[in-house]
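Asker: Mind looking over this structure? Questions follow.
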Ligand SMILES: [Zn+2]
């Protein structure tokens, strides 16, 4: 809770939220090699200590988080703990996203096993801790459109437990055009759509996500201001923007917090929100991001509340659940 309004994270990667202590613990249990065995000495290998040259260099940091995803039990634990961490951060509602193929890749686990474990861990923790959580499945565009079908298939084994589909990974080299049929299937499953777009590519990638993939929300959307018509369209059609301040600075998508477009989105009445992206990699909490939004990006108190209200509006929840979320705020 913040400012008497619910604290919501709509863009948070489960596979970028693994605790350092859990990496060490599971690595010890399964005899996985790590470069360091204490939290402080492992930190530089897992978390961002300095700016990275781009999104793909940032993704390299996931190496040890992915290495310890060895079986159903470890994935269940990671999902459960991610929800515990939401509770610790006083978050009232979150949408956690994950790419089963990305999680399965290092140890060649069945992606369906990962989906099952993540769904079970999230559900159990959500119930035990009394915090509502939505799960967003990700297609990792970096594996190409063929493997994307397998990733989609794995997600569909828990069709009822997934609320939306996202496209993440190397936006520049793997354009959204290649994934149109996958998203058509996702929509026919009754899933909503959010897409990482306008992070490593220009506004045409955002247009494509909206027009061809059916996105009602855009992850990052940093390049949107290069096209005034797109800004107008996003305002008129209430397309949500999931902003991730620290992540964008760390990937060099924006040069500095002060240059982040979040404030401009809010000034243009675009439904932008404040989120964490990969808190375990970026070494941040959602409240840290709210502080950066005020102190570095220069949001007014009113704009912070506007971003919080946008998050309620843009949550992939039914209208009645949104009202419920708003009512349980005190
Ligand atoms: Zn992301």
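The values are calculated or read from the model by the stated rules, or taken from the named source; none is laboratory data. Since we're looking at a predicted model, the values are computed, not measured. Cβ sites come from the backbone with ideal geometry, for glycine too, and all protein chains shown count toward neighbours.
Asker: Is it fair to say residue 93 is modelled with pLDDT of 95 or more, under 24 Å from residue 4 (Cβ atoms) and touching a helix residue (DSSP H, G or I) at 6+ places or on another chain (Cβ under 7 Å)?
Answerer: On the way: modelled with pLDDT of 95 or more: yes; under 24 Å from residue 4 (Cβ atoms): yes; touching a helix residue (DSSP H, G or I) at 6+ places or on another chain (Cβ under 7 Å): yes.
So residue 93 fits the description; yes.
Asker: Out of the residues in region 1-24 that are within 11 Å of the ligand (Cβ to nearest atom) and in a strand (DSSP E or B), state the one that is farthest from residue 274 (Cα to Cα).
Answerer: For region 1-24, the residue satisfying everything is 13.
Asker: Report whether or not residue 209 is out of contact with any strand residue (DSSP E or B) (no Cβ under 8 Å at 6 or more places or on another chain) and either within 16 Å of the ligand (Cβ to nearest atom) or more than 18 Å from residue 166 (Cβ to Cβ) (or both).
Answerer: Details: out of contact with any strand residue (DSSP E or B) (no Cβ under 8 Å at 6 or more places or on another chain): no; either within 16 Å of the ligand (Cβ to nearest atom) or more than 18 Å from residue 166 (Cβ to Cβ) (or both): yes.
It is false that residue 209 is out of contact with any strand residue (DSSP E or B) (no Cβ under 8 Å at 6 or more places or on another chain) and either within 16 Å of the ligand (Cβ to nearest atom) or more than 18 Å from residue 166 (Cβ to Cβ) (or both).
Conditions tested, residue by residue: (1) surrounded by 13 or more Cβ atoms within 10 Å (Cβ to Cβ); (2) modelled with pLDDT of 95 or more.
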residue	(1), (2)
9	yes, yes
13	yes, yes
19	yes, yes
22	yes, yes
27	yes, yes
38	no, yes
49	no, no
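Asker: So which of 154, 125, 106, 148 ends up being at pLDDT below 95, away from the ligand (no atom under 16 Å from the Cβ) and in contact with a helix residue (DSSP H, G or I) (Cβ under 7 Å, 6 or more places away or on another chain)?
Answerer: Details: 154 fails: at pLDDT below 95; 125 fails: at pLDDT below 95; 148 fails: at pLDDT below 95.
The match here is 106.
Asker: Looking only at region 25-63, how many residues end up being within 16 Å of the ligand (Cβ to nearest atom) and farther than 25 Å from residue 86 by Cα?
Answerer: Qualifying residue count for the region: 4.
Asker: Return the residue satisfying two criteria in turn: it lies in region 241-256 and is touching a helix residue (DSSP H, G or I) at 6+ places or on another chain (Cβ under 7 Å) and assigned to a loop (DSSP other than H, G, I, E, B), and of such residues it is nearest to residue 57 (Cα to Cα). Before you say what the answer is, go through the steps one by one.
Answerer: We begin by selecting, within region 241-256, every residue touching a helix residue (DSSP H, G or I) at 6+ places or on another chain (Cβ under 7 Å); these are 241, 243, 245-251, 253-254, 256.
Pick out the ones that are also assigned to a loop (DSSP other than H, G, I, E, B) and you get 251, 253-254, 256.
Numbers: 251: 8, 253: 12, 254: 15, 256: 18 Å.
This residue is 251.
Asker: Can you pull out the residues in region 124-157 that are closer than 20 Å to residue 83 by Cα and in contact with a strand residue (DSSP E or B) (Cβ under 8 Å, 6 or more places away or on another chain)?
Answerer: We begin by selecting, within region 124-157, every residue closer than 20 Å to residue 83 by Cα; these are 124-138, 155.
125, 126, 131, 132, 133, 134, 135, 136, 137, 138, 155, listed by residue number.
Asker: Quick one: which residue in 266, 259 is more than 16 Å from the ligand (Cβ to nearest atom), in contact with a strand residue (DSSP E or B) (Cβ under 7 Å, 6 or more places away or on another chain) and either more than 28 Å from residue 62 (Cβ to Cβ) or without any contact (Cβ under 8 Å) to a residue 12 or more places away in the chain (or both)? Show your work before the answer.
Answerer: Values: 259 fails: in contact with a strand residue (DSSP E or B) (Cβ under 7 Å, 6 or more places away or on another chain).
Only one candidate passes the filter, namely 266.
Asker: A follow-up question, please. On the given criteria, is residue 168 under 14 Å from residue 97 (Cα atoms), in contact with a strand residue (DSSP E or B) (Cβ under 8 Å, 6 or more places away or on another chain) and within 16 Å of the ligand (Cβ to nearest atom)? Give the steps one after another, and end with the answer.
Answerer: Values: under 14 Å from residue 97 (Cα atoms): yes; in contact with a strand residue (DSSP E or B) (Cβ under 8 Å, 6 or more places away or on another chain): yes; within 16 Å of the ligand (Cβ to nearest atom): yes.
Answer is yes for this residue.
Asker: Hey, among 199, 151, which residue is farther than 17 Å from residue 17 by Cα and in contact (Cβ under 8 Å) with a residue 60 or more places away in the chain?
Answerer: 199
Asker: Can you tell me which residues in region 56-65 are under 16 Å from the mean Cα position of the chain (by Cα) and part of a helix (DSSP H, G or I)?
Answerer: Within region 56-65, 56, 58, 59, 65 qualify.
Asker: Now a separate question. Look through 219, 214 and report the one residue that is within 30 Å of residue 48 (Cβ to Cβ) and outside any helix (DSSP H, G or I). Working first, answer last.
Answerer: On the way: 214 fails: within 30 Å of residue 48 (Cβ to Cβ).
On inspection, the qualifying residue turns out to be 219.
Asker: Could you run through region 68-100 and say how many residues are under 22 Å from residue 276 (Cα atoms) and assigned to a helix (DSSP H, G or I)?
Answerer: Matching residues across region 68-100 total 15.
Asker: Of all residues in region 222-242, which are free of Cβ contacts under 8 Å to residues at least 40 places away in the same chain and within 14 Å of the ligand (Cβ to nearest atom)? Walk me through how you get there before you give the answer.
Answerer: Of region 222-242, the ones free of Cβ contacts under 8 Å to residues at least 40 places away in the same chain are 222-223, 225-237, 239, 241.
Across region 222-242, the qualifying residues are 222, 241.
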